[in-house]
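What follows is one structure encoded as structure tokens, with my remarks underneath.
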Amino acid sequence: HIVVVVMIVTVIAVIAVKAYTGRGTPLRGGFPSGHAAAAFAAWAAITIISEPLRHAVLISTMAFLMALLVAQSRVEAGIHSIVEVAAGAVLGTCVAIAIFQIWG
């Protein structure tokens, strides 16, 4: 259930930052990248959840590579800049870590 909360809070945080900065629409472009935020929030959640497992490093690495592919695809498609994608990655990761620290 915590992962669902992480993803919902991440989306809310992205929309709030986009509204505050006035860059992009809630569902398209702008600062920060919502796709990158969601992908990196998922990576952080997967990493935290898989920590006690035998192959935790492999699982985390695969999730991280998938998050990087999402971020790279947003830049390559011209929808976001590298800064917007990096901001989304930091936002998503921080939200996930914070929520797992509070409720985990």
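The values are calculated or read from the model by the stated rules, or taken from the named source; none is laboratory data. Since the structure is predicted, the reported quantities are computational estimates derived from the model, not experimental observations. A quick note on method: Cβ atoms are made from the backbone with ideal geometry, for glycine too, and the neighbour counts reach across all protein chains shown. When the accessible area is computed, the model is the full protein with side chains, heavy atoms only, and any ligands, DNA or RNA have been set aside. Shrake-Rupley method; radii C 1.70, N 1.55, O 1.52, S 1.80 Å.
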**OP:** Can you tell me which residue among Ala56, Ala13 is in contact (Cβ under 8 Å) with a residue 40 or more places away in the chain and under 18 Å from Thr93 (Cα atoms)?
**Re:** Ala13
Original post:
Which of the residues spanning region 12-21 are buried (at least 20 other Cβ atoms within 10 Å of the Cβ) and not aliphatic (A, V, I, L, M)?
Top reply: Lys18
Original post:
Looking at region 33-48, which of the residues that are of a type outside the set (A, V, I, L, M) and touching a Ser or Thr at 6+ places or on another chain (Cβ under 7 Å) is most open to solvent (accessible area, probe 1.4 Å)?
Top reply: Thr47
Original post:
Residue check, Met7 against (1) open to solvent by less than 30 Å² (accessible area, probe 1.4 Å); (2) within 16 Å of Ile97 (Cβ to Cβ), all met but one. Which one?
Top reply: (1)
Subject >> Output for region 84-104, where each listed residue is surrounded by 16 or more Cβ atoms within 10 Å (Cβ to Cβ) and under 13 Å from Ser33 (Cα atoms) >> reply: Glu84, Val85, Ala86, Ala87, Gly88, Ala89, Leu91, Gly92, Thr93
**OP:** Say whether the condition of being buried (at least 17 other Cβ atoms within 10 Å of the Cβ), within 14 Å of the chain's Cα centre (by Cα) and assigned to a helix (DSSP H, G or I) is met by at least one residue in region 22-32.
**Re:** no
Original post:
Is there a residue in region 50-72 that is among the aliphatic types (A, V, I, L, M), under 27 Å from Tyr20 (Cα atoms) and not in a helix (DSSP H, G or I)?
Top reply: no
**OP:** Looking only at region 56-83, count how many residues are under 12 Å from the mean Cα position of the chain (by Cα), more than 12 Å from Ala45 (Cβ to Cβ) and either open to solvent by less than 60 Å² (accessible area, probe 1.4 Å) or at pLDDT below 95 (or both).
**Re:** 2
